[in-house]
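Here's the structure we're looking at; comments come further down.
What follows draws every value from the coordinates through simple rules; no lab data is involved. Small disclaimer: the values here were computed from a predicted structure and weren't measured. So basically every Cβ, Gly included, is an ideal-geometry build from the backbone, and we count neighbours across all protein chains shown.
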Amino acid sequence: MRALAEFIMKGRFQAVAVAGLGIGTLFFAWIGAAAAALVMLRKGLAEGAYVVFWALLPAIAVAYIGNDVGPLTMLLGTAVTAHLLRQSGTWSTAIAAAVAMGLVTALMLLHFGSAYLQEIVDLLKPMMDQLTQQSQGQLPAMQRGDVAAAIGGSTMLWSVLAVMLARWWQAMLYNPGGFQEEMWSLRLPSSISLVLVAVMLLLRYSGEDYRFWGVICLLPFVISGLALIHGVIGKRQMGRFWLVGFYVALLLLSPLWALLVIVAILDSWIDFRKRMSPPTGS
């Protein structure tokens, strides 16, 4: 990964090549978006926008020929998220921007891409009908708004992950240890948490088309909650065993996800890491 990051930072041609080829091959689209984000984070808006512009060409081609808007929306979301992270220096602002991009993506698709969404609904209908039968009718029928929510949530999540990869690359090259410190300290302030919860509640009661859109606003709390766990375990020097155990429990015990979100919301007001006593012997 270090060699790839160094190659990207050698010049415009190298950055455009990695970003364009990555975006054009669906499996590596995340890598391509991260390449553009790395340039944006290190060199600023002008250089970053240059790479994003050329990476947009294969992204548009994939959307038009391959009928997949994912790489396009992820690239745009990543660019906005990376720019705001560079400008503000805070992950909370960047994540809030990613949420906004996810919601805008879903809204644009719902109102201007209904035919595209319907194609996906029709494609998934046989599988969803089978799942509905297995759940004895408890699983609701898929609608266009649900697909829009899934694409919007994917845009938000992959944009943040791409910027995280870019930030890790940046720290690896220019600021060793900086990425870990940022992740250990990542926390949503109470103002952003309040807005996210309010938007979730608003979407919940805005009609059937928006019934799952609140998930887009829920994802930042999952990210913040995971950062809290990493920060507590790391700062208290508890070792990787506890971290592995936590993720195993998270996979096996689904209620832990809800608890993680609740703890992240509480952390917005309480700031557990600030109140945490230093590890023994430090």
Within straight-line cross-link reach of LYS274, aspartates and glutamates at Cα separation under 19 Å, skipping those fewer than 8 residues along the same chain: GLU181, GLU182
Over the stretch 36-163 - Rg/Rh using Cα atoms and the Kirkwood inverse-distance radius: 1.07
For the stretch 133-281, diffusion coefficient by Stokes-Einstein and Kirkwood Rh (Cα), 25 °C, 0.890 mPa s, µm²/s: 141
Most mobile of ARG86, ARG42, ARG240 in a GNM of the chain (Cα contacts under 10 Å): ARG240
Long-range tail of P(r) for the chain (Cα pairs > 30 Å, %): 36
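In a shell of Cβ-Cβ distance under 12 Å around ALA82, excluding ALA82 itself, what net charge do Lys and Arg (+1) and Asp and Glu (-1) give? Walk me through the numbers before you get to the answer.
Working: positive: ARG42, LYS43, ARG86, ARG167; negative: GLU47.
Spelling it out: positives minus negatives among the neighbours equals +3.
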Partner lysines for LYS43 [C-alpha distance under 18 Å; skip if fewer than 8 residues away on the same chain]: LYS10
DSSP H segments from the chain that extend 27 Å or more along their own axis, Cα-based, with Kyte-Doolittle mean of 0.0 or above: 45-65, 91-112, 144-174, 214-235
Additional length obtainable on full extension of the chain from GLU208 to SER135, 0.36 nm per residue less Cα span: 24.3 nm
Spin-label pair LEU253/ILE60, simplified geometry with 7 Å Cα→Cβ offset, distance in nm: 5.1
